[in-house]
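Report on one structure; see the data block that follows.
Computed from the coordinates by the stated procedures, all read-outs in this text should not be read as laboratory data. Given the structure is predicted, the values throughout are model-derived calculations rather than measurements. Using ideal geometry, Cβ is built from the backbone for each residue, glycine included, and neighbour counts are taken over all protein chains shown.
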């Protein structure tokens, strides 16, 4: 059977030649890069907790926020965060509109010269986790206060002298009035770690060696200092 006859036969059978099986979730993940270990992904979200809140109702919007994960609430856990009440995304916190929270780990360019075989091309290694759910609003003043206290405690770390609870309510209530919190039970948790794990042992060792000696990315301290210099120069 030639190609023309094959296509006609498929069309006659009522098949959409352009249709593809929709992939579940929000992320394309080749099998070698799929990570399904729940604890590993939850540890990853805890470590890289500054995430991207993505919604699409009606237009795509992305807000970059710190998050707090409660692992015991729901099978995959429940995420908590807050955004400005002026942010249009706040109108989507109704428990029905879907959202994806994207967590990004370290990443790096990978040179083909690092591999043992010359038939190689450049690539980029990275690790991400996508948490999908339907955010619900947290609008009660005390509930938002408690959420902010949890977030601050997470990032301040043990031994910090800062105590959010000791700030006067006249101050904190004014701040709280300008934000809205959310909780999002994770309905789907996707992990993609593209770290060359499918390559040979020799290539893995070469990756580790070259990544260890590669020029590190600019720190937030260096980036901020350069930005301040530019502000002064432009003023």
GNM flexibility winner over the chain from 103, 223, 68 (Cα, springs under 10 Å): 223
Separation in nanometres of the label points that stand 7 Å from Cα toward Cβ, at residue 34 and residue 142: 4.6
Prolate/oblate/rounded label for the range 185-235 (Cα gyration tensor, a/c 1.5): oblate
Shape of the range 23-234, Cα gyration tensor, a/c cut at 1.5: prolate
Model label zone, residue 111; criterion: amide N under 17 Å from point 7 Å along Cα-to-beta-carbon; scope the range 194-235: 203-217
Cα centroid of the range 77-153 to Cα centroid of the range 213-235, whole Å: 25
0 to 90° range, to nearest 10: angle between helix 3-12 axis and the chain longest Cα axis: 50
Order of 83, 232 under a 10 Å beta carbon neighbour criterion, fewest first: 232, 83
Point-to-point label distance, residue 123-residue 230, nm (Cα→Cβ direction, 7 Å offset): 3.3
Shape category assigned to the range 145-235 from the gyration tensor of Cα positions, a/c cut at 1.5: oblate
Helix-only [θ]222 nm of the chain, DSSP H runs n ≥ 4, -39500 (n - 2.57) each, per residue, nearest 500: -9500 deg cm²/dmol
Helix 201-213 vs. the chain, principal-axis angle (Cα, 0 to 90°, nearest 10): 40
